[in-house]
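Since the structure comes first, as structure tokens, the remarks are kept for the end.
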Amino acid sequence: MSLLYNIGISVAPAFIKIAGMFNPKLKLFCDGRKGLIQKMQQGYTQKCDGGTSKTDASGKVIWFHCSSVGEFEQARPIIEWYKNNRPSYRILLTFFSPSGYELRKNYVLADWVYYLPMDTPANAKKLIEIFRPAKVIFTKYDLWYNFIAEARRSGAELYLISAIFRKEQAFFKWYGGFFRKMLRSFTKIFVQDEQSVELLKKINISGNVCLSGDTRFDRVHKIALTAKDFPVIEKFTEGAFTLVAGSTWLPDEEIIAEVLKNFSKVKLVIAPHEIGEERLEKVSKVFESYGVVMYSELAPIVEQEMISESPHPVAKDKRVLVIDCIGILSSLYKYADFSYIGGGFGVGIHNTLEAAVYGCPIAFGPNYKRFKEAVDLIKADGAISVSNASEFYQILDNCVKDKELREYKGKACGSYVERNLGATEKIISRIE
């Protein structure tokens, strides 16, 4: 099986390169890996030449690997703990996907940020030789056979954090021996729920398993405690029932637009998942009948109002504010009376915890069952899944009219987050 795996890994770049001619994201995937091992060698040398010899740095690197943005948010509390409490460690951070790397390539707490090289035996050996990590921490489920095997051979401690397992995964199939071997290589596997513990027991993996929860709860809790104020949002939503929609795609936006016509006093703050020029034009088209203003357009107007104290009509006349920048969505949910999380009409919903932590009711599309927190929030009666505009209208109408219902559902969301804090502390206590 390992032979077939290595053959597949070796030929995959050629096919991805061809596909990249038609897909910008795949092109970034390929371009970001050109000369990558050489860049890593140069980056390590430059960092060490800055004041620490290679000998002194040996054994003081922690390698964190994340598939994309969501997994980074799970790793981030652990990274921050090490930077605050073990500053002698250097942090290597790798990403599999372009969306994760492009967003966090300048992350200040990491000493090095790179794409993950293709998982060939040669690349795995070279990466470990360059950085010689003392600890290797993979996040959730993005596992790579050769990197795991080489890290284990090097003597590094190997951890998997915020992992969650489902019975349909390859680990639990008759042909899953190759994948189970990876799991047995870990010093510790920190899982999110009891179901994962039980599934792993069925394949005789238990001695290295620890039920710790999901570090994202700690992350969103910290964000909420330090959330920024946005005068632009405050001005736009002043006196109105506010719907905040995050990480949306076209199907989400069409449903929201259909429902919004029934609520003349509801204002919408919407952050599309992608904010390229073409995408923003489509969003504007969907909501044009309600009056649309971009965040980048409104911000200087509001700033001028604050200076001159003379109100500008744009903040009052428009009902839809489109967030055309990145990095602020997690703080915007604090302005929501009701939140909608996008992605549920595609491959799956985005981060519900970013909204739940602020104690507001949540709605999302039907493709949510792979996401434990979404399932739990529905069980807690704080969130609801909607399949069409009619269903979304009903829940939004109920919450607009009934403040007690809205507060009840919001409290259910906030309490759910509070109950699940502490994963970071549990993990650190086992690996330090």
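The values are calculated or read from the model by the stated rules, or taken from the named source; none is laboratory data. Everything quoted here is computed from the prediction, not taken from an experiment. Backbone-built Cβ (ideal geometry, glycine too); neighbour counts: all protein chains shown.
Annotations
- Residues in the range 189-248 that are of a type in the set (A, V, I, L, M), within 22 Å of PRO77 (Cα to Cα) and in a loop (DSSP other than H, G, I, E, B): ALA227 only.
- Unique match (being on the phi < 0 side of the Ramachandran plot and out of contact with any helix residue (DSSP H, G or I) (no Cβ under 9 Å at 6 or more places or on another chain)) among GLU373, GLU407, GLU354: GLU407
- Selected residue [modelled with pLDDT of 95 or more, assigned to a helix (DSSP H, G or I), touching a Leu at 6+ places or on another chain (Cβ under 6 Å) and assigned by TED's automatic domain parsing to the domain that holds ARG216] from ILE79, ILE16: ILE79
- Checking GLY327, GLY359, GLY348, GLY344 one by one, the residue that is assigned to a loop (DSSP other than H, G, I, E, B), surrounded by 24 or more Cβ atoms within 10 Å (Cβ to Cβ) and not assigned by TED's automatic domain parsing to the domain that holds GLN74 is GLY344 and no other.
- Looking across the range 186-209 at every residue that is among the polar types (S, T, N, Q) and surrounded by fewer than 17 Cβ atoms within 10 Å (Cβ to Cβ), the one that is farthest from TRP144 (Cα to Cα) is identified as GLN195.
- Some residue of the range 129-137 being of a type outside the set (S, T, N, Q), assigned to a helix (DSSP H, G or I) and free of Cβ contacts under 8 Å to residues at least 40 places away in the same chain: yes
- Some residue of the range 133-150 being more than 26 Å from the chain's Cα centre (by Cα) and of a type in the set (D, E, K, R): yes
- For the range 151-170, the set of residues classified as closer than 18 Å to SER2 by Cβ and either β-branched (Val, Ile, Thr) or surrounded by 22 or more Cβ atoms within 10 Å (Cβ to Cβ) (or both) consists of ALA151, LEU158, listed by residue number.
- Residues that are surrounded by 23 or more Cβ atoms within 10 Å (Cβ to Cβ), at pLDDT 90 or above and within 25 Å of HIS221 (Cα to Cα) are absent from the range 386-397 altogether.
- Selection of the range 26-64 for residues being in a helix (DSSP H, G or I) and modelled with pLDDT under 85 yields GLN46, LYS47, CYS48, ASP49, LYS54, THR55, ASP56, ALA57.
- Look at (1) modelled with pLDDT of 95 or more; (2) out of contact with any Lys or Arg (no Cβ under 6 Å at 6 or more places or on another chain) and you find that VAL113 fails only one, number (2).
Listed here are the residues, each with its yes/no results for (1) surrounded by 15 or more Cβ atoms within 10 Å (Cβ to Cβ); (2) under 24 Å from the mean Cα position of the chain (by Cα); (3) in the same structural domain as ILE362 (by TED's automatic domain parsing).
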residue: LEU211; (1), (2), (3): no, yes, no
residue: GLU234; (1), (2), (3): no, no, yes
residue: LEU243; (1), (2), (3): yes, yes, yes
residue: GLU281; (1), (2), (3): no, no, yes
residue: GLU288; (1), (2), (3): no, no, yes
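- Filter pass, ALA151 being part of a helix (DSSP H, G or I), of a type in the set (Gly, Ala, Ser) and over 23 Å from PRO77 (Cβ atoms): no
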